[in-house]
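Below: one structure, written as structure tokens.
Laboratory data are not the source of any read-out in this text; all were calculated from the coordinates shown. Values in this document were obtained by computation on a predicted structure and should not be read as measured data. With ideal geometry, Cβ positions are generated from the backbone for all residues, glycine too; neighbour counts draw on all protein chains shown.
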């Protein structure tokens, strides 16, 4: 982590613009159903309060596509943040309009203003320089603490850094520390578990991890593409026919690099894509016609467990089955429990795997749960993240 953080500059009494990731799931009547991302921003906000800063917070929520839509308002976030901090968070009615600029100019030390959803302006995702400049004009220092959007070059994640001194908050610092160590200097054996539906989403990550890990376990929907690549039938299972050569190349690369590549040896197949469908356990070489693979089977869980018990570092990205349906969540939940009991560094790479671990009530047992699905994938792939690159070097 060679980027400056809020610890590395003098912030006392300064007006600070903080890009947070308040893209939280909402239920009916805009009730926040999971406040994890808001809680994750608290250490940075509290530190700025201790420095008597005037704090301006910004975030996106959902995909309003450049226009105001009430269901994407950050109003509920302001309420939840006020509750968590035990002090009022002032809500702006707009982003760079009259209300926001007036409230920002009148901020006193120790006060917090939350701007409305930055994606109400299409200029945000276009990284428009004029829009970036207007955001920057409200403050003296820029802090990026939104790891979940660090892989996007938007106005509030990178553009604004052209006009203000830019440093990271504690959340980004923590993400880079855990993910960075896992990649650069892992304690071995180092095992990566990759799940999720498609190989195409993870090509770069698999390729990059084969240079670094001792064992790579593959589950989830993408395992069936690897089965098919070896000439076996996969029934109605999800399978990317245009990626079979690629799967073969990755298996070959694993051999060359002396990486143990573990695929499921049995699978829980269902008749159709619904919660209470008829299901049965079959060998991976014997998936019946018309059936669909939805989870790893008990033999696979056993094999994966034995291997994981040797690990000192584990990175996991992507569920191992259709974990939204209880009967196909067994694989994902079992592996989550194994990780929870390991004497090892366990890193969950955001997105669905983070949801699965939370659903199983095991988040407190993991070393680190990343707040960014796409960002953590790109980081593990070795890509440069624009929202990090734009920050000042130490």
- line: Mean separation of Cα contacts under 8 Å (at least 6 apart) over the residue count of region 178-380, i.e. the relative contact order in percent, is 22 percent
- request: Could you check the simple spin-label distance between residue 133 and residue 306, using points 7 Å along Cα→Cβ, in nm with one decimal?
  value: 6.6 nm
- prompt: Just the Cα atoms of region 16-67: what Rg and Dmax do they give in Å?
  reply: 13.0, 38
- prompt: Percent antiparallel among DSSP beta bridges with both residues in region 6-171, to the nearest 5?
  reply: 5 percent
- request: Along Cα→Cβ, 7 Å out, is where each label goes; now give me the distance between the ones at residue 7 and residue 83 in nm to one decimal.
  value: 3.2 nm
- prompt: Taking the Cα atoms of region 178-380 alone, what are Rg (to one decimal) and Dmax (as a whole number) in Å?
  reply: 15.6, 45
- request: Find the relative contact order for region 289-376 and round it to a whole percent, using C-alpha pairs within less than 8 Å whose residues are 6+ positions apart.
  value: 28 percent
query: Once both axes come from the Cα atoms, what is the angle between helix 298-308 and the longest principal axis of the chain, in degrees from 0 to 90, rounded to 10?
result: 60 degrees
- request: Calculate how steeply helix 170-184 sits against the longest principal axis of the alpha-carbon atoms of the chain, using the helix alpha-carbon long axis, and give the answer as 0 to 90 degrees to the nearest 10.
  value: 30 degrees
message: So if I take the centroid of the Cα atoms in region 125-166 and the same for region 207-236, what is the distance between those two points in Å?
response: 39 Å
At R0 = 30 Å, FRET efficiency that the Cβ-Cβ distance of residue 232 and residue 341 yields, to 0.05: 0.35
On Cα atoms only, tilt of 36-50 relative to the major axis of the chain in degrees: 30 degrees
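Only helical DSSP H runs with n ≥ 4 go in: add -39500 (n - 2.57) per run for the chain, normalise by residue count and round the 222 nm mean residue ellipticity to 500 deg cm²/dmol. Intermediate values should be presented prior to the final figure.
Details: 14 runs with 132 residues, N = 394.
Theoretical 222 nm ellipticity from helices: -9500 deg cm²/dmol.
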task: Can you tell me the relative contact order of the chain? Whole percent, Cα pairs under 8 Å, sequence separation 6 or more.
output: 16 percent
- prompt: Which shape class, rounded, prolate or oblate, goes with region 6-171 when its Cα gyration tensor gives a ≥ b ≥ c as root eigenvalues, a/c under 1.5 marks rounded, and past that a/b bigger than b/c marks prolate?
  reply: rounded
field: Antiparallel content of DSSP bridges confined to the chain, in %, to 5
entry: 25 percent
- request: Among DSSP beta bridges whose residues both lie in region 235-394, state the antiparallel percentage, nearest 5.
  value: 60 percent
- prompt: R0 = 45 Å: FRET efficiency of residue 256 with residue 105, Cβ-based, nearest 0.05?
  reply: 0.15
